[in-house]
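Every number here is computed from the coordinates shown, using simple stated rules; none is lab data. The structure presented is a predicted model; accordingly, all values stated were derived computationally and were not measured. Counting neighbours? That spans all protein chains shown, and the Cβs are built from the backbone with ideal geometry, glycine included.
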Amino acid sequence: MSAPGPILVLNGPNLNMLGTRQPEVYGSATLDDVVELCRQTAHRYGREIAAFQSNSEGALIDRIHRACGVESAIVINPAGLTHTSVALRDALVIPEVPIVEVHISNVHAREEFRAHSYISPIATAVVTGMGIQGYAAAIEFLVRSA
Ligand SMILES: O=C(O)[C@]1(O)C[C@H](CCCOc2ccccc2)[C@@H](O)[C@H](O)C1
């Protein structure tokens, strides 16, 4: 049985701005900090990650298509696309590839529109409100359940 492939860590629109605005909501860590946390967490289990961020829905979908047959699982913070995108949801339905949806903030404690996710029904797990530690929790869950 071959070793499981890398875990793909995807971040959606505006998350390139982490650490620059709304620290009271998203903390002060940058996107680079998030990726490094994911990489260090995966390495503790002898696993690798691939990371991708885009402000474009189509670019995220294209990257998900490229994951097929390469990455073994996906951790995704869909950002605002969480609440709007059927296309992103459809792209994430990949046989044998578990999906963990992550949100830095507690989306259920914010504006009502943030409580609905098009992604959650097709996700294996959802993490929300743990700050950037939610990404580490998602990776821990995936490596332990592989
Ligand atoms: O809590 C999360 O991680 C969210 O996915 C973040 C999204 C927003 C991403 C943009 O984050 C920024 C961070 C700093 C500066 C500008 C945007 C928001 O639309 C979701 O409802 C919840």
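Other residues whose C-beta falls under 13 angstrom from the C-beta of residue 121 contribute a net charge of -1, scoring Lys and Arg +1 and Asp and Glu -1.
Taking θ as phi - 60° and the Karplus parameters 6.51, -1.76 and 1.60, the scalar couplings of region 121-135 work out to x, 9, 8, 6, 8, 10, 10, 9, x, 9, x, 6, 5, x, 5 Hz in sequence order, x denoting glycine and proline. Across the chain, Cα-Cα pairs farther apart than 23 Å form 28% of the total. Ratio of Rg to Rh for region 93-146: 1.00 [Cα atoms; Kirkwood radius as inverse mean 1/r over pairs].
Local charge sum around residue 45 (other residues, Cβ-Cβ under 12 Å, Lys/Arg +1, Asp/Glu -1)? Kindly include the intermediate steps, with their values, before the conclusion.
Working: positive: 39, 44, 47, 144; negative: 48, 140.
Surrounding charge for residue 45 is +2.
Between residue 9 and 50, 51, 52, 75, the built amide H atoms are under 5 Å apart, and every one of these is 5 or more places off in sequence or on another chain. Computed 3J(HN,Hα) for region 2-16, one whole-Hz value per residue from the Karplus formula 6.51 cos²θ - 1.76 cosθ + 1.60 where θ = phi - 60°, is 6, 5, x, x, x, 9, 8, 9, 10, 10, x, x, 6, 5, 5, glycine and proline marked x. Here the residues 7, 94, 104, ranked from fewest to most Cβ neighbours within 10 Å of their Cβ, fall in the order 94, 104, 7. In this structure, the amide hydrogen of residue 85, modeled 1.01 Å from its nitrogen in the peptide plane, lies closer than 5 angstrom to those of 118, counting only residues at least 5 positions away or on a different chain. Determine, at each q value in 0.19 (inverse angstroms), the log₁₀ of I(q)/I(0) that the Debye formula gives when each Cα of region 50-108 is one equal point scatterer. With no solvent term, the Cα-only Debye profile gives -0.68.
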